[in-house]
Structures are given as C-alpha cells and as structure tokens.
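Written out below as structure tokens is the structure these notes cover.
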Ligand SMILES: Cc1cc2nc3c(=O)[nH]c(=O)nc-3n(C[C@H](O)[C@H](O)[C@H](O)COP(=O)(O)OP(=O)(O)OC[C@H]3O[C@@H](n4cnc5c(N)ncnc54)[C@H](O)[C@@H]3O)c2cc1C
C-alpha cells in the first residue's frame, strides 16, 4: 500500500501550488473584502484548462482522475476557497452532461464548457427544499416540443455566468415516489422567463456569487432534457454529487492546510514574554494537533477520491466530507487562537478561513444528513470499516 501521489499527480500539484501562490494568495484578502470579481484568476484557470477537469478528452477536457480532481480543489482553496467555488459546480455539471447527456447535448456544450468559454453551475436547491430535494416545487409541463418551467431556485452558485444551467424539475409532480417524476433540464440563460433575481449576501464564500433564480413560464425545448428520458433526474444529480463531496472534502483540506501554515509561521514570529510564542507548550499543543488533523484529513480526502475511481462510493465520500469539513473549521478556529487578537482582524488571513470553513459542513449535503448516508451504507454492507 502506498500513501503517495504518483509522479503526474505530484507535478500537477506543484503546478497548481505555483499558480495559487502567484495569482491568488497575493490578492485574495483584498479582493474578498472589496467584493471584486476575480476575473484575472478565472482567466488563469481557463489557461490551465481547469474548466475542463471533468470533461472527457474527446471534447477537449482534461478528464482528471478523482485524486487529481481533488488536488485542484485542495490547492485553490488553500489560496481562496471562494474561487474554488467557480470551478466546483461547473465541474459537477460538466460531469453530469458527460455521463448522462445525449450525444447532441455533449457535442453542443462540452467543448465550450471545457475551455471556460461557456460556464455553468447546478440548480437544485429551492427556497423551501434543500436537503429534501424530492420536495422541490419547480415543475416542467410538456407543451408540444417544449417544457414550460415554473418555480424558483435558491443559493445557485455561478448563476450569473451559467449558460446553460442544469435545473432539477418535476416533469411528473404526481409521481410516487417523487424522484421517479424528476428530471434535469439544461436551461440557456437567454431563455425568456429565466431570471437571476438576486445575489444572496453571505458570511463568506465570496469571489463567486450565489443567487436566487425565478423561472416563469420558461419554454425549454425537449431536446434540453438531460439524457432525453424523463424521471432520471435524481439519479443523474446524485451520481454527480459524489464527486461533489470529494470536491468539498478537498476544499476543506486546503483551508486546513492554510490555517496550519498561517499558525505555524505566526507562532514563530510573534514574541511574548521575550520569546517566540511557538516555544510555549500551550501553543505547541495547538500546532501539533493542527498538523496532525490536517494530514489525517488529507489522507481521508485522497482515500475517498480513490474510492470513487474504483466505483460508487457514497460511504467513503460521505465520511471524508464530514471529517475534512469538521477539521477545517477546527483548524481555522485554532489558527485564530494562535494569532491572539490579530486573528480577529480582517488584516490577517485566518478570519476568512474561519468564515469559509463553516460552509464546508453545509454544502453538498449537510454533515448530519451525510452521517445518515454513511450509516445506511454501513448497514447495507456497501461500506466496510476495517
Ligand atoms: C453558499 C452556498 C452555496 C450554495 N450553492 C448551491 C448551488 O450552487 N446549487 C444548489 O442547488 N444549492 C446550493 N446551495 C444549497 C445547499 O446545497 C443547501 O443549503 C443544503 O443542501 C442544505 O439545504 P437547506 O439549506 O435547505 O437546509 P435544510 O434542508 O432546510 O436543513 C436545515 C437543517 O435541518 C437538517 N435536516 C434536514 N433534513 C433532515 C433529516 N431528514 N434528518 C436530520 N436532519 C435534517 C439539516 O442537516 C440542517 O441542519 C448552496 C448553499 C450555500 C449556503
């Protein structure tokens, strides 16, 4: 058993680290606080082909293995987690189209999505339904060769750039169980009645917008139904969300890594009682624990990513997402404590890590829901511990 990245993965990680240190780290704090959109960073990510990480090579993508996919999110989140959000739901939507789209949908969208010329996101959550996706109210009624879509979506990241946006709808609202009547439609941004109505003000996760979308009598051609078959929407979405949990686990590792780096550096530079605070055992306990937890979470994230490479891995990805996100939050808190009063200042990085880390336990399924997913997987014997 080897606990190391292979040579390609190591080189890729080093390339990402260089990009992040040069293009993201120097501007993250200022741009995050001013609300400036990170256009130049997006351009850099386009140049590196990062918008195509889940797009098959035949459509111009990089088609990364899941561990390399995790490295992208780990390294970018180490610089600025919000920017990782620009690639997050985009990558999941690309994967959804690549796995489940019709040939025409793949030909039409994947090449431009791979370069970042087109961008996308994923429209699941509604004002009254997040965890309970079968409780969504957005409907798509067939009318000739179009669906007529009505409803609302909430918290949709990248909404102002997404074109097309995969939107989860009910094509048969009476179906029982409800998921049998659910489908995904690829809605183009200029379709009349599709309107991004509001950017939601957030604690963190800045650098990418999360929006409300109103859907009012939106006429969507039937050719936009993902896979061309109704009733498959939930399965299509759930298979993409598995990579989503790897993405969040990896982002959490990136946040925790940065918290560790900031705490370690600060502890050696800050003096109290005539000596660096790193010499105090109380600080050493924090640094030792932080480093241990970061490394454990990294192994967990890579292990889950590798499990995805081998097949369906709800249990492993759920475990990694839960563990890594809890570590990220604790790491950010501990790094703030090591910084003393300066940890609370917006002139230091650690307060952003704290604000960003909390989202990691909410997005891609709350940790409590994932605990039940992990438990079910254990009970069914699909995941084994030991
Ligand atoms: C910044 C941000 C960006 C987002 N981006 C996107 C996006 O791009 N696309 C998208 O579709 N969504 C997005 N979301 C939505 C996100 O996926 C949901 O917020 C999340 O799934 C939780 O849903 P909810 O907010 O409706 O909470 P709820 O489902 O209302 O949950 C509230 C609480 O109840 C608990 N709970 C719910 N059901 C159960 C149960 N059965 N058993 C035990 N506990 C339960 C939850 O764990 C939670 O603690 C984003 C959210 C945020 C905050």
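Ordered by the number of other Cβ atoms lying within 10 Å of each residue's own Cβ, fewest first, 215, 285 fall into the sequence 285, 215.
The stretch between residue 128 and residue 65, if pulled fully straight at 0.36 nm per residue, gains 19.1 nm over its current Cα-Cα span. Computed from the C-alpha gyration tensor, the three semi-axes of the ellipsoid equivalent to the chain are 37, 22, 20 Å, from longest to shortest.
Fewest Cβ neighbours within 10 Å first, please rank 13, 202 accordingly.
So the ranking, lowest neighbour count to highest, is 202, 13.
Note that the range 201-268 shows a convex hull volume over its alpha carbon atoms of 137 Å³ per residue.
Highest mobility in the GNM of the chain, judged by mean-square fluctuation with C-alpha springs under 10 Å and restricted to 203, 186, 50, is found for 203.
Between residue 103 and residue 337, full extension at 0.36 nm per residue minus the direct alpha carbon distance yields a gain of 78.9 nm. Put in order of Cβ neighbour count within 10 Å, fewest first, the listed residues 53, 283, 362, 379 become 379, 362, 283, 53. Using only alpha-carbon positions in the range 250-316, the gyration tensor eigenvalues give semi-axes of 35, 10, 6 Å once each is multiplied by 5 and square-rooted (largest first).
Applying 1/(1 + (r/R0)^6) with r as the Cβ-Cβ distance of residue 346 and residue 115 and R0 = 45 angstrom yields a FRET efficiency of 0.80. Look at where the Cα atoms of the range 317-352 and of the range 109-146 average out, and the two centres are 32 Å apart.
Centre-to-centre separation between the Cα atoms of the range 1-31 and those of the range 90-107: 27 Å. Report, to the nearest 10°, how far helix 103-115 tilts away from the longest principal axis of the Cα atoms in the chain, using its own Cα long axis and a range of 0 to 90°. Taking the Cα atoms of the chain, the angle to 103-115 is about 30 degrees.
Subtracting the Cα-Cα distance of residue 330 and residue 270 from 0.36 nm times their residue separation leaves 19.4 nm of extension gain.
Beta bridges assigned by DSSP with both partners in the chain are antiparallel in approximately 90 percent of cases. Once the Cα atoms are used to define both axes, helix 66-100 deviates from the longest principal axis of the chain by about 20 degrees. For the range 133-228, relative contact order (Cα pairs under 8 Å, six or more residues apart, normalised by length) works out to 35 percent.
Rg/Rh for the range 37-141 to two decimals, with Rh computed the Kirkwood way over all alpha-carbon pairs. Present the calculation step by step, with values, prior to reporting the outcome.
On the way: Rg = 14.8 Å, Rh = 14.7 Å.
Answer for the range 37-141: 1.01.
For the pair residue 6 and residue 280, a Förster radius of 45 Å applied to the C-beta separation gives a FRET efficiency near 0.65, rounded to the nearest 0.05. Averaging 1/r across all pairs of distinct Cα atoms in the range 235-380 and inverting the result yields a Kirkwood radius of 15.9 Å. When only Cα pairs below 8 angstrom with a gap of at least 6 residues are kept, the chain shows a relative contact order of 16 percent. Taking the longest Cα principal axis of the chain as reference, the axis of helix 233-269 is set at about 20 degrees.
Under 13 Å from a label point 7 Å along Cα→Cβ of residue 160: give me every residue in the range 178-209 with its amide N that close. It comes to 196-202, 206-209, nothing else.
Placing dummy labels 7 Å off each Cα toward the beta-carbon, the span from residue 309 to residue 180 is 3.9 nm. The distance from the alpha carbon centre of the range 232-262 to that of the range 199-216 is 19 Å, rounded to a whole number.
Computed from the coordinates by the stated procedures, all read-outs in this text should not be read as laboratory data. From a predicted model like this one, the values you see are computed outputs, not experimental measurements. Please note: Cβ atoms are built from the backbone with ideal geometry, for glycine as well, and neighbour counts cover all protein chains shown.
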